[in-house]
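Novice: Structure in structure tokens, see below.
The values are calculated or read from the model by the stated rules, or taken from the named source; none is laboratory data. Since the model is a prediction, treat every value here as computed from it, not as a measurement. Cβ coordinates were reconstructed from backbone atoms using ideal geometry, including for glycine residues, and neighbour counts include every protein chain displayed. Heads up: the accessible areas ignore ligands, DNA and RNA and are worked out on the full protein's heavy atoms, side chains in. Shrake-Rupley method; radii C 1.70, N 1.55, O 1.52, S 1.80 Å.
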Amino acid sequence: MNVLASSGDLDGAIAAYRAELAINPQCFEAQYNLGNALKESGDLGAAIENYHRAVRINRDFAAAYGNLANTLREAGDLTAAIEMQQRGLQISPDYAEGHYNLGTAMKEKGDFAAAIASHQRALQIRPDYAEAHYSLGNALLVSTKLSRDETVLAAAIESYNRAIKIKPDYAEAHSNLGSALQEKGDMTR
């Protein structure tokens, strides 16, 4: 079934997962994988339902909480997304991607201090996480615009530089570095 999904046959994968669940509705992996296939097909509502079923069956399934949180965020329910991401992190506190995703949701909600803390935690766990450096830079840059604090701006610039050092072709990081330098008044780079 995962082979069908990975080969791009989402309809076949969805049908196979549903057939498995007709036989064994308590199979949390099938609920989770069906959620993944439904999300990939664009049916966010059905994906959310299946992720909820997966975590009701297995309350310790951190990956399902993470995917549920990301899908809820994509569907526009930031409050529920944050709650589900936090539940997943209670189960798996050293999951860098979970902290990164929590930071992304917090930033979208407008809680920049929490976003910064979550991205920093992701980077403590995985220092080479370019996307977390980039997102940390974004949260710091917005905070700078709100506070006009030069040290926060310098930290944003450093975050973008770290993202670029790890991933030199990271176009968005280059662009936002330019914005941060412009904010600083440094047009020499």
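Novice: What is the dipole size for the stretch 75-136, taken about its Cα centre, with +1 at each Lys and Arg Cβ and -1 at each Asp and Glu Cβ, in debye to the nearest 20?
Specialist: 100
Novice: Need one value: the accessible area of HIS52 in square angstrom, 1.4 angstrom probe, rounded to the nearest 10.
Specialist: Number for this one is 60 Å².
Novice: Pop a pseudo-label 7 angstrom from the Cα along the beta-carbon direction at both ASN24 and ILE125 and give the gap in nm to one decimal.
Specialist: Computed distance between label sites ASN24 and ILE125 equals 2.8 nm.
Novice: Right, something else. Determine the dipole magnitude for the stretch 93-189: charges of +1 sit on the beta-carbon of Lys and Arg, -1 on that of Asp and Glu, nothing else is charged, the reference point is the Cα centre, and the result goes in debye to the nearest 20.
Specialist: That gives a dipole near 100 debye.
Novice: Given (1) 64, 31, 27; (2) 76, 48, 40; (3) 68, 37, 31, which label gives Cα extents along the principal axes in Å as computed from the coordinates?
Specialist: From the options (1) 64, 31, 27; (2) 76, 48, 40; (3) 68, 37, 31, the structure gives (1).
Novice: Same structure, new question: Leaving out ligands, DNA and RNA, and with a 1.4 Å probe, what % of the accessible surface on the chain is carbon or sulfur?
Specialist: 50
Novice: Separate question: Placing unit charges on C-beta atoms (Lys and Arg positive, Asp and Glu negative, everything else neutral), compute the dipole magnitude of the chain about its Cα centre in debye, rounded to 20.
Specialist: Here the size comes out at about 380 debye.
Novice: Using the alpha-carbon centroid of each, what span in Å lies between the stretch 129-166 and the stretch 92-126?
Specialist: 14
Novice: Per residue, how many Å² of accessible area does the chain show with a 1.4 Å probe?
Specialist: 51
Novice: Let me ask something else. Contour minus end-to-end for ASP169 and ALA154, with contour as 0.36 nm per residue of separation and end-to-end as the Cα-Cα distance?
Specialist: Answer, rounded to one decimal: 3.2 nm.
Novice: By how many nm would the segment from SER92 to ALA75 grow when fully extended, if each residue of separation counts as 0.36 nm and the alpha-carbon distance is taken off?
Specialist: Value of the extension gain: 3.7 nm.
Novice: Of the trypsin sites (Lys or Arg not before Pro) in the stretch 110-159, which ones lie in a loop per DSSP and count no more than 10 other C-beta atoms within 10 Å?
Specialist: Hits after loop and neighbour filter: ARG148.
Novice: A follow-up question, please. For labels at LYS109 and LYS184 in the simple 7 Å Cα→Cβ model, what's the distance in nm?
Specialist: Taking the simple label geometry, LYS109 and LYS184 are separated by 3.1 nm.
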